[in-house]
Structure formats: C-alpha cells, structure tokens
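Asker: Structure provided below as structure tokens; questions to follow.
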Amino acid sequence: MTDVVDVRDDQRIQRDVLAQLAWDAQLQPNEIGVSVDEGVVTLTGFVDGAARSWAAIRCAQRVRGVRAVADEIEVRLPGTPGRTDGEVAIAAARALEWDSFVPAERLDVTVANGWLMLRGEVEFGWQRRAAEGAVRRLDGVRGITNLIEVRPPAAPAELLRRDVQRALARTIGAERVTVEVDGDTLVLAGVVRSWWERDQVERVAWSAPGVRVVHDQLLVGG
C-alpha cells in the first residue's frame, strides 16, 4: 500500500498565490504575474511603488508549498508629477522621527530618483529593520538601500546563544532551530513549519542585544 502524501504541485501553488494576491487590498487585480517551478515562485509585472512590490512578495511567501520567491517586479512611478526627491527625503525623515523605536537622530536619509538610502548607526538589529519598515510605504519611494550599521555593546557568545534559544522556545517553540554565535553574528539553521514561523525566528534573533548580522539558513518544511 502506497502512503498518501500531500504534494503541492506547481499549478496548485500558482493558483493559490494568484488568489492571495487578489485577496490583498494593497494590490490591483492582474498587475502581478506568477510562475512556479518546483515550488520557486517568480513574480513579474509593474507596480507604482516599493510598498506594492513588498506586499506581493509577502503574499507569495504566505502560501503553503512555496520554497522561495524571486522578485522580478519593476517599480514604475506614475507619469504624472509626484513627490520630488526632496519631498520624499523630508517625509522619510519625519517617518523615522515619529517611530519611537528608531533613533532617528543617529540616522541620515538621502534620495536620488526615488531611491532612498539609509545610513547611520543603531545598537540593535531590529532597529535597523524598523527604520526600513518606517519608510518603505512612503509615496514616491521606488526602492531602499539600507546601509545602517549595527554597533551594539558586546555580549558573551555562549550567553547570547542561550538567551536566543530560550527566547525561541518561549515564543514559538522552535525545537528544530539551532543557533550559533560568531562574534556579533547569529547563524540560524534547522527547519521551520512556515514562512510566518521563519519570520518570527528572525525577529527574535534580531531583537537580541549584541547582534549585528543574522545569517538565515532555515528551511521551510512540514
């Protein structure tokens, strides 16, 4: 007797990704193309802002059976006059100031042709991610280059590894995730059940004091 295995074929994954894109209120119907090859989803098409491109990627990652997402979406700002680079820079600076989790006084923002660049220093990796999140959805932003450096106080490697492992156990019970520490770098390995769980593991890792870099080697499996 042959065991019955729940295999998600590429055609089914493609239908589910398209349905998820149509469900998302941030996206317009039929503006994103989807192709799937052995669980790897490729997104194509044109959107009018970096926020829509990011939303499409997140939609694809939420679908069961997706192993990876290739982003080939092109951001094309509307042809009508919009925000100038100066106006985008001002809006970005204000967004950083309004985010209480971001040390805006330690960050610099520059904009060229709608492409936003972040520079500066923070103490925690999650602050670096929060800064990018604060400006990602601004009108007129075509893309972001995040050059913010993480320079935290040093923490003993074994203590850091143990604290992260315990935090993972408390929050999501990630028994199949291992954590290794190399200086200020965390290496995550093992298997998680979903993209959501993978995101949560990364969030916990970036929240640890003394972490400057996180290498995610996690596999999404059953």
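The values are calculated or read from the model by the stated rules, or taken from the named source; none is laboratory data. Nothing here was measured: the structure is a model prediction, and the numbers come from that model. We place every Cβ from the backbone using ideal geometry, glycine too, and count neighbours over all the protein chains shown. Ligands, DNA and RNA are stripped out before the accessible areas are found, and what is left, the full protein with its side chains, is counted by its heavy atoms. Shrake-Rupley method; radii C 1.70, N 1.55, O 1.52, S 1.80 Å.
Asker: For region 155-194, what are the residues that are within 22 Å of the chain's Cα centre (by Cα), touching a residue at least 40 places away in the same chain (Cβ under 8 Å) and open to solvent by 30 Å² or more (accessible area, probe 1.4 Å)?
Answerer: 194
Asker: Here's a follow-up. Scan 120, 140 and give me the residue that is surrounded by 14 or more Cβ atoms within 10 Å (Cβ to Cβ), at positive phi and modelled with pLDDT under 85.
Answerer: 140
Asker: Would you say residue 88 is buried (at least 17 other Cβ atoms within 10 Å of the Cβ), over 30 Å from residue 218 (Cα atoms) and modelled with pLDDT of 85 or more?
Answerer: Against the criterion (buried (at least 17 other Cβ atoms within 10 Å of the Cβ), over 30 Å from residue 218 (Cα atoms) and modelled with pLDDT of 85 or more), residue 88 qualifies.
Asker: Could you give every pair whose Cβ atoms fall below 6 Å, whose first residue belongs to region 7-34 and is surrounded by 15 or more Cβ atoms within 10 Å (Cβ to Cβ), and whose second residue is assigned to a loop (DSSP other than H, G, I, E, B) and modelled with pLDDT of 85 or more, counting only separations of at least 6 or pairs across chains?
Answerer: Pairs that qualify, where the first residue is surrounded by 15 or more Cβ atoms within 10 Å (Cβ to Cβ) and the partner is assigned to a loop (DSSP other than H, G, I, E, B) and modelled with pLDDT of 85 or more, are 8/65; 13/65; 16/63; 17/63; 20/63.
Asker: Tally the residues that are touching a residue at least 40 places away in the same chain (Cβ under 8 Å) and in a loop (DSSP other than H, G, I, E, B), restricting the search to region 85-130.
Answerer: Qualifying residue count for the region: 2.
Asker: Sticking with this structure for a sec: Of all residues in region 54-77, count the ones that are open to solvent by less than 20 Å² (accessible area, probe 1.4 Å), in contact with a strand residue (DSSP E or B) (Cβ under 7 Å, 6 or more places away or on another chain) and without any contact (Cβ under 8 Å) to a residue 40 or more places away in the chain.
Answerer: Summing the residues that are open to solvent by less than 20 Å² (accessible area, probe 1.4 Å), in contact with a strand residue (DSSP E or B) (Cβ under 7 Å, 6 or more places away or on another chain) and without any contact (Cβ under 8 Å) to a residue 40 or more places away in the chain in region 54-77 gives 1.
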